[in-house]
Structure formats: structure tokens, C-alpha cells
Amino acid sequence: MTQIIGLSRPERVRTLEADFPDDSAFRDEILSLLDVYDLAAAQFGQSSSPTKSADEPEELLKAGAAYGPYRVLKQLGAGGMGQVVLAEDIRLGRRVALKSLTGKWLQSPAARRRLMREARAVAALAHPNIATLYDVFEDESRLLLVMEYVEGKTLASLISEGPIAVGHAVRLAAQVSDAVSYAHDHGVIHCDLKPANIQVSDEGTAKVLDFGLARIKYAQEDADEPVTTPGAVLGTPGYVAPERLLAGVSNASCDIYSLGVVLFEMVTGRRLLEGEEPDRWFDILSAGPPKASSLIADVPAGLDDAIERALSIDPALRYQSVREFRRDLKAILSSVDTSSSVAITADADGRQAEPARPSDPGILARSPAAAATSPVLFTVQLLGSALLVVTFTGYLTSAQYDWGLARSVEFGAASPLMWPVWGFRALFVTAVVAAGAVIGVGVMISVVQAIFAMVVPLTGPPSAVRLRYVKLRERLESISSAAIAQTLLIVHVVVFAGLWWRFQPLIAGLIGFMLVRPVDLSILSPDRVAEHRLYRELFSVALVVFSAAWYGVLRLRRRRGDRQDTTTIAGGLALTGLTLLLFAAPYRILTHNEGEPAVYGRQECSLVGEHGDEGLLFCPRQPPPWNKIVRLDDADLHRGRTQESIFTPLRPKPAKEH
């Protein structure tokens, strides 16, 4: 391959035809890769050129000079769009960052129109992790972007000092993804995400700079005349998505790729493309980027996978939205925070105080082995919790049934070893309902997202539909967890009261049976099986829905650090427990209540247990207690030798014929 890189394209074609005469597909693939190499080499060559371009500002903003109401205080540096200075807004007495935009590209009226259109979209962004664009000031020789001034260091400066602690790196990446997701919802794409465009405040908050401004200079739509340089690529070499370099594509997926590069650099402390070498970019395009864990051993497996997915060469294999990427980052952050406090211990810059040594007790918490065991521990905890819930449910349904019959272990009461079995059988319907709900909601969300993506694309000005959707979502996200919990508790109480009212006769029969109280047990007859089925189905749905809802509220409180309305949460959990009790406890009473029909004297009973030469009878037509112990050889006992519901005798008897 290296022998033909320096050849012209016709010479490459002839060389490949001579070496691979029978494999045209392979020749085309090699030629395509070589074309990519040429593009990358040209791009990196442009970016590394020390000569001054025609677009660089010819006149510097001078300290002490005033430009309109803005007085320059000091130089801050230079960005891809122009010079950046710290200034004071004389009218409001606040510090701002001024970015000077100059160059031939702004001589076009169409370019200035695009600038103002993009600036209006960017100025509408109001997010805690986006540096606000306050104003666009125009004089005879330049345009000044007036932006929020953020004290601190750029992410590029922090990375230059070495790898950032995993916990802090993921936290910063989650903040940046919050900002990017918000901007995408408003129809704004950054186009030039890189560490130099991310400022980290002294409090550890990430602020994204230059949002949407990179595309201004290179935008083509509505252009009266060309404003791009031949071969120019939108973005900074090393952070440009492959499809942008190859086809000039500029969309949300490109920002996701750039986010992956930034996260890779934070975690490893190294650039994905060391020295911006075209050969290195060519290797990455051919074989894929390296894993972060190949450079830093203590990168968690989940984070490694997230970075690899964000850096996928094929956009179809990449995250399909920044929101999806952000969700995985927050899950990883939760895992890192709970699995090891040492792993995220950092100084003010979010950097580990010193490299971990083998003698450091915390090294075990950051080792690959420890990272690999965290999913195992989580799985064990999850299975243990599930077994506990199933066993408790089995105890409820077995104990309530046996209490109503006054049946002891000698007469066939369920053994504790059978509690998990009965619990699983009792919760099977609920598990099916929950699985169906999860699948249904997932499919519905995917369909809605697909339709929304087709109807409201992420490029161009934000549509009215998208803005209404975003405002609604922001309004919902601004609601406090306490208000959500209170509303949920009211809904839960109303639903529970409605179910209680609807099934009051059945609930009264169940409670009377379980507590051995005088009550009409005919409601438990097999003739009412439709009512029993509806009872279990509705209580099952209520249990699934409200369990998921209260779990979501608890997660929201934990994420926001709220400590209010503990009483409301306790009330909701108690009501959920009562719903579980009313759903699970009657399972055996309603569905597995078989006994042997028997007549004792003139009473219709059921033989529900035997111990030696004694039998336990359940006679629901007599006043409580309904049970009695008789000898199996008693002449008054007549056994049916079959199995049927113990409530079958409660069916109304047909009238006798005369």
C-alpha cells in the first residue's frame, strides 16, 4: 500500500490492475481508500500550514480600545473563527468574551445574512452547559460576536496535563452531551466539537463554546456566490467524522463522532490522531479506532464500548441520537460512582492527585478485574432481590390460603421450600404484563422517534413542531420531584380506591376467608371465575404501572439529590405494597383451591388435608370456623374421591322437582 501512495491516480490504477487483474472489487476499494488518504493529507496539510490565510484577522483587537459599548480588557487567544478577547460591557458592567470575525468570506452579503440567521438560532439556546451568545456587533471592518465569558480552563488545557479521572471525564461528557442534545432539538448542530471549544469552569461545569458558528463560514444554502475554499472541510482535522470528510455531510451524527473523540482524549490523555497525521487517519478509517482500554487499563468495559460505538466509521452503527449517548454515559457514571469512590477522586480540575500504585488500596477498585466484577455483582444483587420478592409473594399466597383453612403443616400446609414456587406462579401474569408493557412502550417510542426524525429533521431552522415538543419536554423536566411524587400519590390513591370500590364484594369475601370472619363466600365460587380473572388482571396492571412509576420517582430524586416529601414517597411505597398484597395473597384462594368433596353428616364439605387416620374438613356452609378434624373411618364421612374447588358446594342448588 505504501508503495503506491505517492503515485498519481492513473498510475495507481495501472499498478493495481497489474497486481490484482481478477479482483475489480478489491481494486475499487483500495482506490477509494487512497482517495480518502489524499483528502486527509490535503486537509491536514491545510490545517498545519504556518502561513497566514486570507481569512485571518488582519487587525487585532487592542487592549483598552472600545468597540461600541464593549471595552477590551485583555487578549484570551485565537480560535478557528478569529481572535478572542475579554471585554467589559460598559452599559451593564459585566464581562463578556468578544470574538472577532473578519476575512474575505464576510464580504458576501449572502454570508452576512447566513451569519445573522445562524446567530439568531444560537442566541435562542438557553442551557446551563452552553455559553450564551448575547449580541452581534457590526462595524465597518469586522463583526464581533458578544458571548458569555466563562472563567476556568479549556478542556484542551486540562487534557494537556494528562488523562482526566474516569468519573470526572464521564461527568463532563454527560454535561456536553446534554448541551448538544438540547441544541439538536432546536435545530442547531455544532459542527466543530473539540476540547478547545469546551470551557470547564472552576466549579467543574462544562460550557460548550462556538455553538453552530463553524457552519456559518462554510454554509452553502442561499449563497449568491461561492464562499468556500475548494477542498475545505467543515470542522477541525482529527475531530471530523469520516462522512463529513468524504461527502461533506453535516448532521447530528457528525457531532456524536466528535463527542466520541473528545471523550477518548479525556480518558486517555492522548489525541486520537497524534500529530494530525494523514497516515494515522487512513489507518483508523481502514481498521477502526483503537480501544481506550488499550491505552488506559482502568477504563470500564461499558465506557470502552460507548466510546467505540460513538467512533464507529459507519454512521448507521453509531449512536442514533445524542440523547441515547447521554443515557449510556449517565448509566456508566452511576456505575463508576457506586463501584469505586477512589476511581473518581479528583482535584479541582477533575484530575487524579497522583497515579495509582500497586500498594495503593484503591487500585483494586480501579483494576480491570474489579471493573469486570461490577456487572456480576449487579446481576447477583438483582437475582437475589428477585428471589426475595418471589419468596415473600409465595409466603403471602400460601399463608393466607392455609390460614383460612386453619391448615397446619401436618395437614398439608405449604412448606417454606415451596414458597418460591408459589410466588413465581403468582407473579407470572404480572411478569408477562410487565414484559408486554416494556416491549410495547419501546416499540411505540421507536416508531414515534422514527416518524419525528422524518418529519422534523435536525438540520435547518427549528420548526414549530420541534419547538413545541422541546418546550413541553423542558416544562416537564423543570417540574420538581416532590410535585411529581405528590401528583403520582393522588393518582395512585384514586386508582386504588376505584379498584377497591369495583371489587369490594370480592375483596370482602377474600378478607373474610383469610381472617375467618362471618362473610358470604359465594363470591369465591368457580361460577365467578370471570370476575376473579378481571380482578387479577387489573390489579396486575396497577402493580406494574405504579411500581415502575415510583421507581422512576426514586431515581429522579436520587439524580437530583432531592430530600423533600419523604412522607409522600413512603405513602406511595406503602400503597404499592398494599396493591401487591391484594394481588398476590388471593392467588391460591382464587386459582389453586382444590380439595376432595366430602359429606359429613348432612354438611357439604371438602377434605383439605390428611394426617394419619385424621382428616381436615372445610365446610363453608357452616358458621366460622369452617374447619373441623374428623376421623377418616367415621361412618358419617362420605368421600367423593375426586378433586374440585373447595368453594364448589357454594353454587346455588337447583330447585327440586315435585
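The values are calculated or read from the model by the stated rules, or taken from the named source; none is laboratory data. In this text the structure is predicted, and so the values were computed from the model without any measurement. Please note: Cβ atoms are built from the backbone with ideal geometry, for glycine as well, and neighbour counts cover all protein chains shown. Accessible surface areas use protein heavy atoms only, side chains included; no ligands, DNA or RNA. Shrake-Rupley method; radii C 1.70, N 1.55, O 1.52, S 1.80 Å.
Things to note:
- Spatial extent of region 142-187: Rg and Dmax, with the Cα atoms as the point set, Å: 14.1, 42
- Chain lengthening between ASP520 and ARG95 when straightened (0.36 nm per residue, less Cα-Cα): 145.0 nm
- Estimated inter-spin distance, ILE439 and ALA297, nm [label 7 Å along Cα→Cβ]: 4.5 nm
- In a fully extended conformation the segment linking PHE428 and ARG602 would gain 58.6 nm over its present Cα-Cα distance, using 0.36 nm per residue.
- For region 154-165, 3J(HN,Hα) per residue [Karplus equation, 6.51 cos²θ - 1.76 cosθ + 1.60, θ = phi - 60°, Hz, x = Gly/Pro]: 6, 4, 4, 5, 5, 5, 5, 8, x, x, 8, 3
- The calculated FRET efficiency for the pair GLU203 and VAL389, based on their C-beta separation and a Förster distance of 35 Å, comes to about 0.25.
- Sequence ranges 125-134, 172-181, ranked by mean other-Cβ count within 10 angstrom, highest first: 172-181, 125-134
- Measuring against 24 Å, Cα to Cα, the residue pairs LYS153/LYS291; LYS62/LYS194; LYS194/LYS330; LYS153/LYS194; LYS207/LYS291 contain LYS153/LYS291; LYS62/LYS194; LYS207/LYS291 as the ones spanning a longer distance.
- For region 158-199, the solvent-accessible area of protein heavy atoms averages 17 Å² per residue (probe radius 1.4 Å; ligands and nucleic acids excluded).
- Taking 7 Å steps out from each Cα toward its Cβ at ALA635 and SER157 produces label points 10.6 nm apart.
- Relative packing of 605-612, 633-640, 418-425, 253-260, which averages over residues the other C-beta atoms within 10 Å, highest first: 253-260, 605-612, 418-425, 633-640
- Net lengthening on full extension, HIS611/LEU76 (0.36 nm per residue, minus Cα-Cα): 183.5 nm
- Placed amide H near THR154: partners under 5 Å, 5+ positions off or other chain: VAL200
- Derived scalar couplings ³J(HN,Hα) [region 126-136; Karplus, 6.51 cos²θ - 1.76 cosθ + 1.60; whole Hz; x for Gly, Pro]: 10, 9, x, 10, 10, 5, 6, 8, 7, 7, 10
- Backbone N atoms of region 587-610 closer than 16 Å to the 7 Å Cα→Cβ label point of GLU644 belong to residues 593-600, 603-608.
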